[in-house]
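Right, one structure below, let's go through it.
The values are calculated or read from the model by the stated rules, or taken from the named source; none is laboratory data. If you're wondering where the values come from, they're calculated on a predicted model, not measured in any experiment. With ideal geometry, Cβ positions are generated from the backbone for all residues, glycine too; neighbour counts draw on all protein chains shown. We work out accessible area using only protein heavy atoms, side chains counted, and drop any ligands, DNA or RNA first. Shrake-Rupley method; radii C 1.70, N 1.55, O 1.52, S 1.80 Å.
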Amino acid sequence: MDYINDGRPGPQSYKCPSLFGCNLLYLIVLVLMILLSSAVGLFRLELENTEQWLVFTFIMEMLVIGVPPLIYVLVNKANIRQTFRINRISIKELVLVLGMAVFGYGIVSFINLIWYRILSFIGTPIVPEFPPINNGRQYITALLVMALTPAVVEEFLFRGIILRGYERLGTRMSIIATGLLFAFLHLRITNIPAIIFLGIMIGYVVIRTDSIFAGVLYHFTQNAISVSFMYAQEIAKNYLQGVEVVQENMSNIPPEMWIATVIVWGVMAVFSLGLFLLCAVALHRTTQSKAGPQYQMAFEKTKPTPGEMMPVVGSGVLVAIMICIEIIAMSSGL
């Protein structure tokens with residue numbers, strides 16, 4: 001893994017991640033993710049309570065996704081501030097990014113709903129199960145572990161190193177490629193379209209604001225909303241003595257309720273899309289000076305070589321195998 005010059009002449013030039021380097025880093029993290037998930041299933045690891053599950057999740061997130069990028073930049077003696085875009089961001093930009101994240105959640109939820117329905121024609125989609133969040137202490141801990149930690153470590157990996165490495169292919173290509181890689185690392189076919197959308201939007205706000213903090217805020221907000229819904233569900237169940245006002249996952253929706261559910265979420269998605277676009281347009285205008293023509297000319301566009309893309313090709317093969325296994329499990333009802 002190496003660093004190369006970013007292609008800009010003059011004193012502002014600095015070394016940034018090579019395309020081969022960031023692709024190899026991605027492959028290493030992906031392999032670690034697969035080995036971890038396989039080990040958990042092989043040894044049938046069962047954690048007794050929510051606190052143990054949260055501690056285990058935090059440790060694994062840090063070791064698998066947090067440590068490899070840190071080792072990468074330390075070994076290469078990288079310019080951390082430049083590589084990770086540790087730049088100031090204005091309050092107005094933060095508010096607009098927050099608005100995009102909040103209203104974007106309605107869009108992501110609708111994408112998940114439609115995609116789940118499509119997958120249900122193949123079999124029963126496998127939905128990740130999370131332990132219940134029963135009290136305020138667990139809720140705060142879950143926000144730190146399930147919302148803040150992945151928002152930081154995953155953003156430093158994807159919108160830090162990987163986005164920098166892909167920028168020589170062009171700004172749009174770097175955003176799209178990073179969003180795709182971000183989605184496939186999650187190794188869940190049920191979430192891929194929604195996470196692709198999420199990854200592309202996070203890449204966009206990071207590019208426009210030229211700050212990793214925009215990506216962390218967007219990512220944290222999306223995760224925090226999910227955690228909050230989980231906690232609200234448990235409160236409702238306890239208050240109503242176990243009656244589920246809102247289904248915990250889409251597999252519990254009765255067949256006769258699907259059309260009504262799609263209509264309701266569709267209306268919410270349209271409303272969310274309108275407000276999301278308002279925030280996005282406002283952010284685009286606000287950051288015009290940061291991401292204008294000067295930035296677009298900052299990197300010389302180059303075509304990737306087969307050698308540079310070999311690690312990501314290997315990653316694609318691994319992801320395809322994992323997806324095929326999941327599809328087989330779905331269709332077999334395992």
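On a per residue basis, segment 95-143 carries 49 Å² of accessible surface, using protein heavy atoms and a 1.4 Å probe. Couplings 3J(HN,Hα) of segment 64-73, computed from phi: 7, 10, x, 6, x, x, 5, 4, 4, 6 Hz, in residue order, whole Hz [Karplus 6.51 cos²θ - 1.76 cosθ + 1.60, θ = phi - 60°; x for Gly and Pro]. Using 1/(1 + (r/R0)^6) with R0 = 41 angstrom and r between the beta carbons of L74 and N134, what's the FRET efficiency to the nearest 0.05? Once rounded, the FRET efficiency stands at 0.55. Taking 17 Å as the cut-off, the amide N atoms of segment 82-114 that come nearer than this to a point 7 Å along the Cα-to-beta-carbon line of T261 belong to 106-114. Annotation for segment 22-121: trypsin sites (Lys or Arg not before Pro) lying in DSSP loop with at most 15 further Cβ atoms inside 10 Å of their Cβ are R44, K77, R88.
Computed over neighbours whose Cβ is under 15 Å from that of L94, the net charge equals +2, Lys and Arg +1, Asp and Glu -1. Of the accessible area of segment 155-237, computed with a 1.4 Å probe over protein heavy atoms only, carbon and sulfur atoms account for 73 percent.
How many percent of the alpha carbon pairs in segment 186-234 exceed a separation of 14 Å? So the portion of pairs separated by more than 14 Å is 60 percent. Using the Cβ-Cβ distance between A329 and F229 with R0 = 25 Å, the FRET efficiency computed as 1/(1 + (r/R0)^6) comes to roughly 0.45. Overall shape: oblate for segment 34-141, with the ratio a/c of the largest to smallest alpha carbon gyration tensor axis at 1.5 or above and b/c at least equal to a/b. Assuming a ≥ b ≥ c are the square roots of the Cα gyration tensor eigenvalues, decide whether segment 96-186 counts as rounded (a/c under 1.5), prolate (otherwise, with a/b larger than b/c) or oblate. Oblate.
The alpha carbon centroids of segment 117-140 and segment 264-288 are separated by 27 Å. Residue by residue, segment 92-98 carries 3J(HN,Hα) couplings of 4, 5, 4, 5, 5, 5, 4 Hz when phi is fed to the Karplus relation 6.51 cos²θ - 1.76 cosθ + 1.60 (θ = phi - 60°); x denotes Gly or Pro. Computed extension gain for I321 through T286, at 0.36 nm per residue and net of the alpha carbon distance, reaches 8.3 nm.
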